[in-house]
1. In what sequence do 68, 15 fall when counting other Cβ within 10 Å, fewest first?
2. Checking the a/c ratio against 1.5 first, then a/b against b/c, what shape does the Cα gyration tensor give for the stretch 33-81?
3. Pairs of Cα atoms under 8 Å, at least six residues apart: use those to get the relative contact order of the stretch 22-172, whole percent.
4. Using the number of other C-beta atoms within 10 angstrom as an exposure proxy, rank 63, 43 with the fewest first.
5. Mind ranking 123-135, 104-116, 26-38 by how tightly packed they are, going by the mean number of other C-beta atoms within 10 angstrom, highest first?
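Rule-based calculations on the coordinates, nothing more; no lab input. All values reported here derive from a predicted model rather than from experimental measurement. So basically every Cβ, Gly included, is an ideal-geometry build from the backbone, and we count neighbours across all protein chains shown.
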């Protein structure tokens, strides 16, 4: 093979589509944009010069320097933003209650599912437009999955902290001591028996008041029966 026939970097002509060789620029959520983009070179000056050159010359070969500068700058920018996205997602999840972090993770899971479905639908698109759709959706899907992993790590760290706290509490204690401690905690929990006793008291009082009345009624019946027998006795002996 003739080495001289191989194209060198100087002979390579960049065009606009060469800017799509890597992943697309990440989408930054507005709620964490201020933290993610702070101090990052957004390459807006380089991009402006590239568009100005293309507008004047109307062809890429005359704007190679501008294309190369923007490609290098955008790759550095996107790499930094992706790293900050994951860090900010993790910090945001750590700063909010665990249930809120789980809710945000659920929203990200729904976003991932939607992007996966859209990517499947875009697989049937043909030509350059189809390629651009798949390229953009694949990049967004990858970034969303990495953000989700960073957010789920918050829940895993919370569980590890609980386990570590529990291990510290039982460290150095025997089984007998742990059982005794558990019984003390159970004894301190209200059982609800007091409410039943209070409710039963009026019923007992009512029963006590009804007992003398029943006895008096029974005695009255006995007396009436004796009087009736006496009457019958007098009528027979008369």
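1. In order of increasing Cβ crowding within 10 Å: 15, 68.
2. Taking the square roots of the gyration eigenvalues as a ≥ b ≥ c, the stretch 33-81 is prolate.
3. That works out to 29 percent.
4. Numbers: 63 24, 43 20.
Ranked by crowding around the Cβ, least crowded first: 43, 63.
5. Highest to lowest by the protection proxy: 104-116, 26-38, 123-135.
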